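Trainee: Structure provided below as structure tokens; questions to follow.
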Amino acid sequence: MVSVENLSVEFSATPLFADVSFVINDSDRIALVGKNGAGKSTMLKVLCGDLKPTSGHVSVSQGQSVGYLPQVMILSDETTVRDETKKAFQNILQLKAEVEYLNKQMQERTDYESDEYLNLVKEFTAKHERYMMLGADNYEAEIERTLCGLGFERNDLDRQTKEFSGGWRMRIELAKILLQRPDVLLLDEPTNHLDIESIQWLENFLKQCGSSVVLVSHDRAFINQVCTRTLEISCKKVIDYKVKYDEYVMLRAQRREQQLRAYENQQKEIADIKDFIERFRYKPTKAVQVQSRIKQLEKIVPIEIDEIDTSAMHLSFPPCLRSGDYPVICEEVCKSYGSHEVLHRVNMSIKRGEKVAFVGKNGAGKSTLIKCIMGEIPFEGVLKIAHQVAIGYFAQNEAQCLNEEITVYDTIDRVAKGDIRLKINDILGAFMFGGEASEKKVKFLSGGERSRLAMIRLLMQPVNLLIMDEPTNHLDMASKDVLKEAIKAFDGTAIIVSHDREFLDGLVDKVYAFSGGEVREHIGGIYDYLHEHNLTSSTQDISQKVQNGTSKNDGKEGGQLQSIISNQTTELSYTERKELQKKRSKLEKMVKESESSISELESKLEELDKQLQDVDNASNMAMVEQYSQLQKKLDAEMDKWEQWSTELDKIII
């Protein structure tokens with residue numbers, strides 16, 4: 001158990017948080033939340049002992065260990081992946097060396113009846129039993145299981161750590177901390193460098209490990225899966241919500257409404273008192289009452305309220321010319337680095353207006369294909385970019401392309417056009433550049449701040465093909481919501497490379513999965529893909545069980561299992577058949593009407609398309625907007641038709 005009592009931390013006489021008290025119980029899984037700069041990372045440093053508080057203290061129960069993963073750390077480059085990870089078992093390796101030394105001593109000595117030899121045997125027995133209790137013989141297998149769960153391949157384990165990027169080396173540090181099995185785990189943004197499969201593995205590990213967990217993360221799906229309690233740092237205090245994050249969001253909204261009402265009532269009371277003082281300040285007959293009101297005013301403790309949540313603000317990309325029907329077409333695209341084939345005969349067609357996700361393990365080829373689309377690297381095969389395609393590209397290193405000598409505000413002001421310029425301050429505020437922060441020069445910004453600024457700059461540009469490579473890595477939840485809404489409202493085509501399931505949910509309607517050099521298309525959202533991916537594995541397991549059952553039990557158990565899997569038909573009653581017939585007739589009518597609407601909309605779009613091909617109309621924004629609205633109506637009608645047709649196909653009488 002960890003106890004925090006009357007904790008205060010100040011930087012340059014400015015309090016970050018003051019008089020904070022809470023307890024971390026055994027097996028608690030806590031999400032530590034708050035706006036950027038609230039002190040989440042500082043709190044983790046205080047809890048692990050890396051930072052001494054200004055006042056108060058942190059007590060850790062005797063015998064309990066604490067493991068801490070910071071966002072940034074110094075990494076070793078002098079060993080292999082396996083040997084670096086073995087450092088997590090330093091105490092076991094030391095114990096193993098002691099056991100081997102004692103065993104060697106016993107073999108060399110011949111004074112079996114002496115007290116020294118008997119003491120040697122006792123020491124060897126005690127240490128050997130402890131060595132076996134720690135499961136020492138299995139630590140190699142545990143290392144492999146953990147590293148593979150975090151995305152490493154087995155042939156990676158004997159490679160030098162210096163061959164890997166910073167993100168992969170952070171995974172090694174995470175593996176070391178998890179393998180140490182500390183009683184309390186403090187994790188600061190552990191998912192920043194993980195792919196979806198590794199995040200899911202880490203979720204399961206944290207839920208089953210039995211350690212207490214305090215987690216800072218901007219991945220909403222991850223903290224919802226892992227955490228059962230939420231600590232919010234707000235207004236220099238810590239508020240304890242003993243619920244999951246989603247429930248906390250609702251409770252916090254209610255609490256903020258109460259804060260606002262209390263604040264408004266207090267402001268009215270203060271105004272009334274001040275008004276009374278001003279009115280009767282110079283009347284001798286009211287002197288006593290005036291002094292009483294002055295003392296009353298001095299005793300009032302101001303009510304603090306959280307900063308206004310700007311995540312509900314809606315942004316939109318400026319209008320752009322319409323691109324061709326298929327902005328990106330890949331035919332047999334291949335890319336190799338030496339003997340390593342990253343992409344093998346990739347075929348895909350991305351339709352105008354689609355929002356698609358590229359998912360897969362790090363190094364599977366997602367960023368490589370994007371570089372092929374951008375024309376940054378050579379490749380084999382055919383890759384067609386449609387006419388009038390204007391690409392907006394957010395790369396993982398986009399922050400390095402900013403002009404360091406101008407301010408945050410000027411960076412956006414130089415690319416913003418039209419009415420959006422009137423909202424620059426609001427937009428900057430939504431991405432945590434409000435107030436004086438907008439006047440800072442770019443060269444004084446951190447890496448995360450530069451990434452957010454590059455994101456805003458992209459939002460200002462008229463594009464019809466949006467390509468974003470890990471856009472959410474340095475965004476908090478409010479900023480991610482703003483970005484997500486902007487992309488959903490975007491008229492053009494979007495390709496998103498991301499491991500953030502919550503961000504992709506409801507945003508993309510098609511998923512391209514990268515694995516082993518191949519790219520497979522999955523129609524539907526990210527959770528449809530994950531469900532199908534897991535379902536396929538489950539189905540294979542069931543099929544294997546069926547085969548095993550048949551071979552071992554002459555088909556008896558296998559036949560029983562097969563009968564469970566197979567669908568069974570039942571007779572329908574007259575009433576049920578009548579209801580189904582009625583529903584079928586209604587759906588047939590709706591499908592027919594929808595097909596008629598689709599035909600009409602397609603005719604209008606075709607006619608407008610011919611007009612837009614005329615050079616005189618190519619820059620007619622009114623016609624472009626009309627085309628965009630018709631396209632939206634067509635997409636919506638197609639969705640309805642698909643839904644009704646699917647329901648119709650399910651009705652079997």
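The values are calculated or read from the model by the stated rules, or taken from the named source; none is laboratory data. On a predicted model such as this, the values are computed, not experimentally measured, just so you know. Neighbour counts run over all protein chains shown; Cβ positions are idealised from the backbone, glycine included. Only protein heavy atoms, including side chains, enter the accessible area calculation; ligands, DNA and RNA are left aside. Shrake-Rupley method; radii C 1.70, N 1.55, O 1.52, S 1.80 Å.
Trainee: Any idea what the alpha-carbon Rg over 2.2 N^0.38 Å comes to for region 312-401?
Mentor: Cα-based Rg divided by the globular estimate yields 1.22.
Trainee: So if I place +1 on the C-beta of Lys and Arg and -1 on the C-beta of Asp and Glu, and nothing else carries charge, what would the dipole magnitude of the chain be about its Cα centre? I want it in debye, nearest 20.
Mentor: The calculated dipole for the chain is roughly 1920 debye.
Trainee: For q = 0.18 Å⁻¹, what log10 I(q)/I(0) does region 18-71 give under the Debye formula with an equal point scatterer on each alpha carbon and no solvent?
Mentor: Values returned for q = 0.18 Å⁻¹ are -0.70.
Trainee: In vacuo Debye scattering of the chain, one point per C-alpha: log10 I(q)/I(0) at q = 0.08, 0.09, 0.11 Å⁻¹?
Mentor: Rounded to two decimals, the profile gives -0.83, -1.00, -1.32.
Trainee: With just the Cα atoms of region 1-109, tell me how far they stretch along each of the three principal axes, in Å, largest first.
Mentor: The Cα atoms of region 1-109 stretch 65, 33, 27 Å along the principal axes, largest first.
Trainee: Roughly how many percent of the accessible protein surface of the chain is carbon and sulfur, given a 1.4 Å probe and a whole-percent answer? Before the final figure, lay out each step's value.
Mentor: Details: 17270 of 35990 Å².
Carbon and sulfur together cover 48 percent of it.
Trainee: Can you give the percent of C-alpha pairs in region 213-336 whose distance is more than 21 Å?
Mentor: Beyond 21 Å sits 67 percent of the P(r) for region 213-336.
Trainee: Follow-up. Can you give the % of DSSP beta bridges in the chain that are antiparallel, to the nearest 5?
Mentor: Looking only at bridges with both residues in the chain, the antiparallel portion is about 50 percent.
Trainee: Another one. Would you kindly calculate the mean projected area, averaged across all directions, of the convex hull enclosing the Cα atoms of region 157-264, in square nanometres? Write down the numbers at each step before the final one.
Mentor: Numbers: hull surface 34.6 nm².
For region 157-264, averaging the hull's shadow over all directions gives 8.7 nm².
Trainee: Debye calculation, C-alpha points only, no solvent: report log10 I(q)/I(0) for region 93-216 at q = 0.15 Å⁻¹, in the same order as the q values.
Mentor: Per q value, in the given order, log10 I(q)/I(0) is -0.79.
Trainee: Cα-based Rg (one decimal) and Dmax (whole number) for region 410-459, in Å?
Mentor: My reading of the Cα-based Rg and Dmax gives 10.2, 30 Å.
Trainee: In Å and on Cα atoms, what radius of gyration and Dmax does region 382-423 show?
Mentor: 14.7, 44
Trainee: Under the rule of at least 5 residues apart or a separate chain, name every residue whose amide H is placed under 5 Å from the amide H of residue 361.
Mentor: HN-HN under 5 Å from residue 361: empty list.
Trainee: Moving on. In region 364-455, if every C-alpha pair distance is counted and binned at 5 Å from zero, what percent goes to each bin?
Mentor: Going out from 0 Å in 5 Å bins, region 364-455 shows 3, 11, 20, 18, 15, 11, 11, 8, 3, 1, 0 percent.
Trainee: Please calculate how many Å² of accessible area the chain carries per residue, with a 1.4 Å probe and no DNA, RNA or ligand atoms counted.
Mentor: 55 Å²
Trainee: Among all stretches of the chain without exposed chymotrypsin sites (Phe, Trp or Tyr not before Pro) (DSSP loop, at most 15 other Cβ atoms within 10 Å), which one is longest?
Mentor: The longest uninterrupted stretch comes out as 283-653.
Trainee: Something else about it: Counting other Cβ atoms within 10 Å, which trypsin sites (Lys or Arg not before Pro) in region 420-478 have at most 16 and lie in a DSSP loop? Don't jump to the answer; show the numbers that get you there.
Mentor: Working: sites: 421, 423, 440, 441, 443, 450, 452, 457; in loops: 440.
Here the sparse-neighbourhood loop sites are 440.
Trainee: Using the charge dipole of the chain (Lys, Arg: +1 at Cβ; Asp, Glu: -1 at Cβ; taken about the Cα centre), state which of 271, 409, 22 has its Cα farthest towards the positive end.
Mentor: Positive-end residue among those listed: 271.
Trainee: Tell me, what is the percent relative contact order of the chain, built from C-alpha pairs under 8 Å that lie six or more residues apart?
Mentor: 12 percent
Trainee: Another question, if that's okay. Multiplying the sequence separation of residue 258 and residue 604 by 0.36 nm and subtracting their Cα-Cα distance, what value in nm do you get?
Mentor: Result: 119.3 nm gained on full extension.
Trainee: Would you mind checking 52/480; 162/207; 176/361 for any pair whose Cα atoms are more than 27 angstrom apart?
Mentor: 52/480; 162/207
Trainee: Test of understanding: given the chain, find the longest segment containing no GluC sites (Glu not before Pro) that are in a DSSP loop and have at most 14 other Cβ atoms within 10 Å. Can you show the working numbers first?
Mentor: Values: sites that count: 78, 113, 153, 304, 307, 376, 404, 405, 571.
The reported range is 406-570.
Trainee: Return the Rg/Rh ratio of region 206-271 with Cα-based radii and a Kirkwood Rh.
Mentor: 1.14
Trainee: How much length, in nm to one decimal, is gained on full extension between residue 274 and residue 385, taken as 0.36 nm per residue of separation minus their Cα-Cα distance?
Mentor: The residue 274-residue 385 span can extend by a further 33.1 nm.
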